[in-house]
Amino acid sequence: MTAIMPLEKQAFELDAADPLPTRRAEFCVPPHDCGQDGTVAACEAAYLAGNSLGLQPKALAARLGDELDDWAKLGVEGHTRARRAWLPYHELLREPAARLVGARPEEVVIMNSLTVNLHLLMVSFYRPTRQRHAIVIEDSAFPSDSYAVRSQAAFHGYDPDSAVVRLGTEDILGYLGEHGDRVALVLLGAVNYFTGELLDIDAITAAGRAAGAVVGWDLAHAAGNVPLRMHDCGADWAAWCSYKYLNAGPGSLAGVFVHQRHLADRGLPKLAGWWSTDPRTRFAMAPAVTPVDTADSWQVSNPPILAMAPVLLSLEMFDQTGMPALRAKSERLTGYLESLLDEVCATAPAKVITPRDPDRRGAQLSVRIAGPDVGPLTDRLRDEFGVFTDARRPDVIRLAPAPMYNTFHDCWRAATALAAVLSDQARHE
Ligand SMILES: Cc1ncc(COP(=O)(O)O)c(C=O)c1O
């Protein structure tokens, strides 16, 4: 701890000198009781849990207020007369969402929640046959992705234990080369939720498609974290949530990407609702869908405006700063945090398990800590030091400096607090 304590001044200097000023003041940062001698920065949390749930933009309350106000004053007329008319509201999100994931506008739509979207997309893109019905996921996939693909395999009458192939990320390309002819679907987290590893999206997509499989990506930990090129990499489809790096609030709406080459394919099975049909004839009330050649044809229900408003605000903020600038800052912050954590780990039974190469990770660093369950440790970090991290029990904590609002000083606080708690633990062993 003593080695990194004097670096606080340096952390403040790094913040002052950084070419991308933090937007922290535009977010509601949870308060922290800093006592008598705290700096303003220390009276707020050092919130490094944006990979789990991003912070609330201060502008959101007014945005939601606008929608509530329009609803109050206009009732049903708000569909066409609200300041942002509700009927075509989702169109406002299309272009910024496309920029965020590197897609063409017609390839994306914001709707539902992440796992619901995974299922809707698998209705179209998991078409198993007796010869080709395997689904490849990573062995450290987020559990709900595993539940989703297992339930899809079972739904089609296959045994999930044999249909779902769980692979180490280093084994995926080899497996596709050797056994790709039995793979129907590859579904991987582009940034792994546990280790923070950024997979080689281009290489895996190319290998999966060359093997004749469909390739889908879960971008939950990638959207708003790393630059993405979903169209150019040739992925068949992708889905992401917007409550992590995108700061759109707990359970907020999710996104979908479907590659252009599938948009006009009338042979794809889809589950339909009235938002699947062509908006120009929606109110003709015809009994059958009139298809549209955009990702909108995967929509089912009319969009929840109060849930869309936070996503729109979020996408505006990402457009204002831009992913290239955010990524550059993210690399600076995470690299700095890594250097401090290395110092902490040098004298503690702890190890950073995230790849060292900045090109192979996003903002998040995961630290494996030997000893007692890490749950109480992350509680202490939060309650005593105001440092929000998260515990992946029993032995991993995750720290993610989000470049939109985190600072070098947040990283310094996290590392010094971790050093203090670990040395305290060692004393009591
Ligand atoms: C990689 C990944 N996939 C899926 C999910 C589940 O998403 P939801 O509950 O929003 O459907 C999460 C949630 O954190 C996640 O991190």
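The values are calculated or read from the model by the stated rules, or taken from the named source; none is laboratory data. Everything quoted here is computed from the prediction, not taken from an experiment. Quick reminder, even Gly has a Cβ in these numbers, built from the backbone with ideal geometry, and neighbours come from all protein chains shown. For the accessible areas, the whole protein counts, side chains as well, though only heavy atoms, and no ligand, DNA or RNA atoms are used. Shrake-Rupley method; radii C 1.70, N 1.55, O 1.52, S 1.80 Å.
Exactly one residue out of P128, P160 is over 19 Å from I201 (Cα atoms), in contact with a helix residue (DSSP H, G or I) (Cβ under 8 Å, 6 or more places away or on another chain) and either in contact (Cβ under 8 Å) with a residue 40 or more places away in the chain or among the hydrophobic types (A, V, I, L, M, F, W, C) (or both), and it is P128.
Taking segment 124-140 as the range and being touching a Gly at 6+ places or on another chain (Cβ under 9 Å), within 16 Å of the ligand (Cβ to nearest atom) and within 25 Å of A295 (Cα to Cα) as the test, the residues that pass are V136, I137. Restricting segment 110-123 to residues that are surrounded by 23 or more Cβ atoms within 10 Å (Cβ to Cβ) and more than 10 Å from the ligand (Cβ to nearest atom), the residue that is farthest from A148 (Cα to Cα) is I110.
Do we have D373 as surrounded by fewer than 21 Cβ atoms within 10 Å (Cβ to Cβ) and at pLDDT 95 or above here? So D373 fails the test. Yes or no: D159 surrounded by fewer than 20 Cβ atoms within 10 Å (Cβ to Cβ) and within 19 Å of the chain's Cα centre (by Cα)? When the stated conditions are applied, D159 does not pass them.
Residues to consider are D70, D139; find the one that is free of Cβ contacts under 8 Å to residues at least 60 places away in the same chain, among the acidic types (D, E) and farther than 24 Å from M308 by Cβ. The unique qualifying residue is D139. Counting residues in segment 186-200 that are more than 13 Å from the ligand (Cβ to nearest atom) and in a loop (DSSP other than H, G, I, E, B) gives one or more.
Return the total of residues in segment 395-420 being surrounded by 23 or more Cβ atoms within 10 Å (Cβ to Cβ), within 15 Å of E343 (Cβ to Cβ) and aliphatic (A, V, I, L, M). Matching residues across segment 395-420 total 5. Restricting A213, A203 to residues that are more than 11 Å from the ligand (Cβ to nearest atom) and open to solvent by 20 Å² or more (accessible area, probe 1.4 Å) narrows the list to A203.
Identify, from the list K244, K270, the residue that is part of a loop (DSSP other than H, G, I, E, B) and either of a type in the set (S, T, N, Q) or open to solvent by 30 Å² or more (accessible area, probe 1.4 Å) (or both). Only one candidate passes the filter, namely K270.
Step by step: first the residues of segment 141-156, then only those that are in a loop (DSSP other than H, G, I, E, B) and crowded, with 18+ Cβ neighbours inside 10 Å, then the one that is nearest to the ligand (Cβ to nearest atom). Which residue is that? Checking each candidate, the answer is F142.
Only one of the listed residues (G224, G249) is within 16 Å of the ligand (Cβ to nearest atom), open to solvent by 10 Å² or more (accessible area, probe 1.4 Å) and at positive phi. That residue is G249. Inspection of segment 82-90 finds no residue satisfying the criterion of being outside any loop (DSSP other than H, G, I, E, B) and either of a type outside the set (S, T, N, Q) or within 16 Å of the ligand (Cβ to nearest atom) (or both).
Figure legend. Inter-residue proximity from segment 287-312: first residues farther than 22 Å from Y243 by Cβ, second residues of a type in the set (V, I, T) and part of a loop (DSSP other than H, G, I, E, B), beta-carbon distance below 9 Å, spacing 6+ or different chains. Indicated pairs: A288/T277; V289/T277; T290/T277; T290/T281; P291/T277; V292/T277; S297/T277; S297/V289. Of all the numbered requirements in (1) open to solvent by less than 70 Å² (accessible area, probe 1.4 Å); (2) within 16 Å of the ligand (Cβ to nearest atom); (3) not in a helix (DSSP H, G or I), R166 misses one, and that requirement is (1). Scan segment 313-336 for residues that are outside any helix (DSSP H, G or I) and closer than 13 Å to Y405 by Cα and jot them down. If the condition is that a residue be outside any helix (DSSP H, G or I) and closer than 13 Å to Y405 by Cα, then no residue fits.
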